[in-house]
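Q: Please see the structure below; I have some questions.
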Amino acid sequence: MNVNWKKSFIILIDTVLAVYLVLAITAFNRPDELSDVCKEVKIDIAEGEVKGFLTPDEIKHQLQHARLYPLGDPMSQVSARRIEEALVKNAFVESAQCYKTQSGRVFIKLTQRLPVARVKADNGDDYYVDTHGNIMPNTQHASDLVVVTGHVTKQYAKRVLPPVGNYLIQHKIWRSQVEQLNVLSDGSLELVPRVGDHVVYLGQPTGIARKLERLEKFYKYGLSKAGWNKYSYISLEFDNQIICKKR
């Protein structure tokens with residue numbers, strides 16, 4: 001019986017490599033969690049153009065309340081999925097990611113809903129609207145966002161306020177100058193500035209960028225010379241003109 005030693009040697013080497021790979025993959029996918037506890041929890045909250053309402057301490061408190069804060073727990077008992085599911089129930093959380101490392105650390109990354117306006121409507125509603133038109137509950141956090149008053153329904157807030165609020169936030173002059181928006185019964189908007197004793201009528205909430213560009217030029221070349229308190233009412237309702245009412 002002739003034995004093909006070369007072929008047998010190759011088969012032996014292939015078998016050894018296969019066993020090695022199986023053991024290596026198994027060890028890699030099954031870290032030694034049984035003897036390890038969570039040594040550190042890192043909470044990272046992404047920020048946007050406006051300051052959100054979430055802090056790492058608040059996220060820690062939420063997880064502690066749900067008995068899911070992993071610090072000191074065996075890593076084998078830490079469920080990244082349960083942590084994510086708990087966090088996305090928070091009205092201020094847009095998305096959550098959680099993962100564990102073999103060194104005993106748990107990383108939590110959050111994207112938060114960023115408010116663009118606070119609504120204090122005539123009907124008693126008091127809430128925030130985020131960049132995507134979602135309603136966010138009132139909170140005790142202080143905020144320098146524009147306040148929207150008047151005849152504001154939630155449908156109006158979801159549809160109209162996100163693009164208007166986003167525009168105000170993205171332009172430095174209006175972010176600091178606009179204090180209040182007032183919604184009239186026909187859905188048109190009035191703007192109350194921080195500087196100057198006057199009200200600006202924007203008309204229907206369309207073409208806001210063009211209207212505020214005209215207002216910026218009027219502020220720069222008109223009111224800066226005539227005086228900020230000369231007019232009580234400034235209308236930007238119609239294109240290519242500004243109508244002013246003297247005090």
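The values are calculated or read from the model by the stated rules, or taken from the named source; none is laboratory data. These numbers come from a predicted model, not from an experiment. Methodologically, a virtual Cβ is constructed for each residue, glycine included, from the backbone with ideal geometry; neighbour enumeration extends over all protein chains shown. Heavy atoms of the whole protein, side chains included, go into the accessibility calculation; ligands, DNA and RNA do not. Shrake-Rupley method; radii C 1.70, N 1.55, O 1.52, S 1.80 Å.
Q: Using only the alpha carbons of the range 62-141, determine the length spanned along each of the three principal axes and report them from longest to shortest in whole angstroms.
A: 54, 22, 18 Å, listed from the longest principal axis down.
Q: Between Tyr221 and Leu184, how high is the FRET efficiency from 1/(1 + (r/R0)^6) when r is the Cβ-Cβ distance and R₀ = 30 Å? Nearest 0.05.
A: Numbers: r = 28 Å, r/R0 = 0.95.
In this case the efficiency is close to 0.60.
Q: Using the heavy atoms of the protein chains and a 1.4 angstrom probe, tell me the accessible area per residue for the range 153-247 in square angstrom. Let's see the in-between values first.
A: Details: 5330 Å² over 95 residues.
Accessible area per residue, the range 153-247: 56 Å².
Q: Where a Cα-Cα gap under 16 Å defines reach, which aspartates and glutamates qualify for Lys51, not counting those fewer than 8 residues away within the same chain?
A: Glu94, Asp130, Asp144
Q: If r is the Cβ-Cβ distance from Thr55 to Lys89 and R0 is 25 Å, what FRET efficiency results, to the nearest 0.05? Kindly include the intermediate steps, with their values, before the conclusion.
A: Details: r = 17 Å, r/R0 = 0.70.
The formula returns an efficiency of 0.90 here.
Q: So which aspartates and glutamates pass the test for Lys211, namely a Cα distance under 15 Å, with those fewer than 8 places away in the same chain ruled out?
A: Output for Lys211: Glu190, Glu237, Asp239.
Q: Take the solvent-accessible surface of the protein heavy atoms, probe 1.4 Å, and return the percent of it on the range 83-242 that carbon and sulfur atoms account for. Don't skip to the answer; put the middle values down first.
A: On the way: 3850 of 8100 Å².
Taking all protein chains in place, the range 83-242 shows 48 percent carbon and sulfur surface.
Q: Roughly how big is the range 80-229's charge dipole about its Cα centre, with Cβ charges of +1 (Lys, Arg) and -1 (Asp, Glu), in debye to the nearest 20?
A: Numbers: 21 positive and 14 negative charges, 130 e Å.
Dipole of the range 80-229, to the nearest 20 debye: 620 debye.
Q: Let me see the pair-distance distribution of the range 110-214: every alpha carbon pair, 10 Å bin width, integer percents in order.
A: 15, 53, 29, 3, 0
Q: Name the lysines eligible as straight-distance cross-link partners of Lys39: C-alpha to C-alpha under 23 Å, and not fewer than 8 places from it in the same chain.
A: Lys60, Lys100, Lys109
Q: What trypsin sites (Lys or Arg not before Pro) does the range 66-136 have in DSSP loop regions with at most 14 other beta carbons within 10 Å? Mind dumping the intermediate values first?
A: Values: sites: Arg67, Arg81, Arg82, Lys89, Lys100, Arg105, Lys109, Arg113, Arg118, Lys120; in loops: Arg67, Lys89, Arg113.
Passing sites in the range 66-136 are Arg67, Lys89.
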